[in-house]
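These notes concern the structure reproduced below.
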Amino acid sequence: MEGRIRVTALVGSYRKGGVIDRAVDEILSAAEEAGAETTRIYLRDRHIEFCRNCRTCTQEEGARRGACPVGDDMTAILDRIERSHAVVLASPVNFGTVTAVMKRFIERLVCFVYWPWGTKIPKVRTRTLNRRAVLVVSSAAPAVLVRLRTGITGLLKEAAAILGARTVGTLYMGMIAGGPEQGISGRIARKARCLGKRLASPKGR
Ligand SMILES: Cc1cc2nc3c(=O)[nH]c(=O)nc-3n(C[C@H](O)[C@H](O)[C@H](O)COP(=O)(O)O)c2cc1C
């Protein structure tokens, strides 16, 4: 992967201009200022089918992701991620976990495991973590409760790892549902910008 650092953000919020989107704005603009090329993908706007559990993509052994027979936008999204040095996985907490669009995306990552029929446990094709990830989570509940009482961090970290990314930072935004147009605080914006710079850093390329 030569050239500029490429950062790809996957937005699992249903709202453009919402809290998640604003935090991603800060992360990506700081990354761009630090020289990175950035792409934001709104999962809601993409054609992403549910995994059909045909397991076609899991049958062939090898480090490369298995080919999925579903003809939707996942191939282009995953190609883009595989060309990236860093990813942002961003989702509100809905009913104690990531949003349905983020979960639908994560379930499609089964193509990164080798899991032939008859074997009980899937094996991640490669555990090489040569990308970096930042996780962004927003909730009506206080952030500390989300960290302690939901499995959202573990789920997003595992998704990042399957995408070949080591999580290098997290941004939790709690108590954000004070009104329909709530923004992000200066403190959160500063933290988001630090994370964006970290993702754009050539260290660990
Ligand atoms: C259907 C639904 C379920 C929600 N469930 C939770 C929840 O379980 N815990 C929580 O703290 N907030 C919950 N919320 C609040 C959202 O997390 C909050 O509105 C969201 O983080 C805002 O992000 P956005 O501005 O990007 O839309 C829920 C909101 C909706 C619409």
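Laboratory data are not the source of any read-out in this text; all were calculated from the coordinates shown. What you see is a predicted model; the values in this text were computed from it and never measured. Cβ sites come from the backbone with ideal geometry, for glycine too, and all protein chains shown count toward neighbours.
Observations on the model:
- Global dimensions of the range 128-194 from alpha-carbon coordinates: Rg and Dmax equal 13.2, 42 Å.
- Helical mean residue ellipticity (222 nm; -39500 (n - 2.57) per DSSP H run of 4+; nearest 500) of the chain: -9500 deg cm²/dmol
- Partner aspartates and glutamates whose Cα lies under 20 Å from the Cα of LYS103, excluding those fewer than 8 positions away in the same chain, are identified as ASP21, ASP45, GLU49, ASP72, ASP73, ASP79, GLU82, GLU158.
- Mean-square fluctuations from a GNM of the chain, with a 10 angstrom spring cutoff on Cα atoms, peak among MET102, MET74, MET175 at MET175.
- The chain: antiparallel DSSP beta bridges as a percent of all, rounded to 5: 10
- Compactness of the chain - radius of gyration and Dmax, Cα, Å: 16.8, 53
- Cα-based convex hull, the range 43-120, per residue volume (Å³, whole number): 117
- Listing ARG190, ARG104, ARG132, ARG149 from fewest to most neighbouring C-beta atoms within 10 Å gives ARG149, ARG190, ARG104, ARG132.
- The chain: DSSP helices with Cα axial extent of at least 20 Å and average Kyte-Doolittle hydropathy no lower than -1.0: 19-33, 186-200
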